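The values are calculated or read from the model by the stated rules, or taken from the named source; none is laboratory data. As the structure is a prediction and not an experimental result, all values here were calculated from the model. Please note: Cβ atoms are built from the backbone with ideal geometry, for glycine as well, and neighbour counts cover all protein chains shown. Side chains included, ligands, DNA and RNA excluded: accessible areas come from the protein's heavy atoms. Shrake-Rupley method; radii C 1.70, N 1.55, O 1.52, S 1.80 Å.
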Amino acid sequence: MTLPSLDADPFAHDVLEEPAPLHATLLEAGPVVHLTRYDVYALARYEHVHAALTDWQTFPSGAGVGLSDFRKEKPWRPPSLLLEADPPRHDAPRAVLVKILSPRALRRLRERWLAEADTLAEQVLAEPEFDAVTALAQAFPLRVFPDAVGLPPSGRENLLPYGDHVFNAFGPAGDLVARGQPRVAELTAWVNARCQREVLTPDGFGAQIWAAADHGDITHEQAPLIVRSLLSAGVDTTVHGLAAALYAFATHPEQWRRLRENPGLARVAFDEAVRWQSPVQTFFRTADRDVAVGEATIPEGRKILMFLGAANHDPRRWDDPDSFDLSRDPSGHVGFGMGIHQCAGQHVARLEAEALLTALARRVERFELAGTPRRHLNNTLRAWESLPVRVHL
């Protein structure tokens, strides 16, 4: 079968600003599309993205989850043991982190985070207009998550630009990567220093990771890399997921009323926002062999670009996929990945969202946009730079 091919650039600024037209083209074109600009193979339909995410043997992550092929190019930092490694190297770090971040383990944080969300909401809602990105979506995760990891208070503002560069680096070495390049050495040194045992408080996730090394569950060389995974992926993705939810409610007042009437929908609302906006838009895998997808064959060793955002809007999987709807069951979305590389911190993100949305639902009768939202462009993430809102209490 002759593969459909497309010269589109998924990392072009206009596509990052609004990816829906490209997604529609890919979804219509077929199970696999050859993107000639980068000579990679695109998967956009839910069925095939889900299958690739869950089949690590055929579509491993060890060659990198970005455009760069680690078998041919040296990565800019030591690869992630969670995201850029496969079994058996991946197994022990994953098991340790999943246990530390399990829903059961997080219950001890719930009351504290609910109280923190109440405090933040009281402060922010003292003004009727504010930027929901900086005042809420960034402020809350930067307040509670580094505390939970065990970071000292100073320097936390470095986490966002560091994570921004990490996710930009999964794409091509264009202007967005160049944007973060001047601070790479500084930010990397700062993050690496915060992964060391002596810097971390004794009661946080980081200390638990180091304790797992003492117990022999992982090595002491692996411990700081696992802490780094928390700091690399544990803030930006949650920030952008919360911003997606706040944007959804500012533009869908009927759904906000539904949440206010039933605050128990807070986690469903967050997952629906993640499906609807897909803060993580794309990830790469590499074909471990010649692999058939539909009637096409992806050659061994070639990079596969999975469009998570397109899969989350595939009408073959979702009814009325472009609508934000709290009556929908969003479980099964691929916004957190799937399979053994699925986001280990997704329960942390859900708890943060539950705390913040519940605090707001008790106080805010209605959100509305108070200005034009502005996107923050990133090669991997779908993010807001600014989200001006007006609240009615």
Handout entry: Loop-located trypsin sites (Lys or Arg not before Pro) in segment 303-349 whose Cβ has at most 10 other Cβ within 10 Å (DSSP)
Key = ARG316
Practice task
With +1 on each Lys and Arg Cβ and -1 on each Asp and Glu Cβ, and nothing else charged, work out how big the dipole of the chain is about its Cα centre, in Debye to the nearest 20.
Solution key: 760 debye
Practice task
Run the accessible area of segment 328-370 with a 1.4 Å probe and give the carbon-and-sulfur part as a rounded percent.
Solution key: 48 percent
Exercise for the section: Provide the gained length on full extension for the span ASP214 to ARG302, in nm with one decimal, where the gain is 0.36 nm per separating residue minus the Cα-Cα distance. Expected result: 27.7 nm
Problem - Label point distance in nm, ARG375-ALA105, each placed 7 Å from Cα along Cα→Cβ - result: 3.6 nm
Problem - Rough spin-label spacing in nm, given labels placed 7 Å along Cα→Cβ, for LEU114 and THR201 - result: 2.0 nm
Problem - Alpha-carbon centroid distance for the pair segment 287-340 / segment 59-127, whole angstrom - result: 21 Å
Practice task
Quick one, could you list the DSSP H helices from the chain stretching 20 Å or more along their long axis (Cα atoms) with average Kyte-Doolittle hydropathy of 0.0 or above?
Solution key: 236-251, 346-361
Problem - Apportionment of accessible area to carbon and sulfur, segment 36-186, percent (1.4 Å) - result: 55 percent
Exercise for the section: On the full set of protein chains, 1.4 Å probe, figure out the accessible area of SER5 and give it in Å² to the nearest 10. Expected result: 80 Å²
Completion exercise
Contour minus Cα-Cα span, ASP91 to ASP175, at 0.36 nm per residue, comes to 26.7 nm
Exercise for the section: Any chance you could run the full-extension gain for GLN123 through ASP322? It's 0.36 nm times the residue separation minus the Cα-Cα distance, nm to one decimal. Expected result: 68.3 nm
Practice task
Just tell me the longest site-free run in the chain, where the sites are GluC sites (Glu not before Pro) in a DSSP loop having at most 14 other beta-carbon atoms within 10 Å.
Solution key: 74-220
Exercise for the section: Report the calculated FRET efficiency for SER331 and SER154 (r = Cβ-Cβ distance, R0 = 35 Å), to the nearest 0.05. Expected result: 0.35
Problem - 1.4 Å probe accessible area per residue over the chain, in Å² - result: 40 Å²
Exercise for the section: Rank ALA139, ALA42, ALA121 by how far each Cα sits towards the positive end of the charge dipole of segment 25-141 (+1 on Lys, Arg Cβ; -1 on Asp, Glu Cβ) and give me just the farthest. Expected result: ALA42
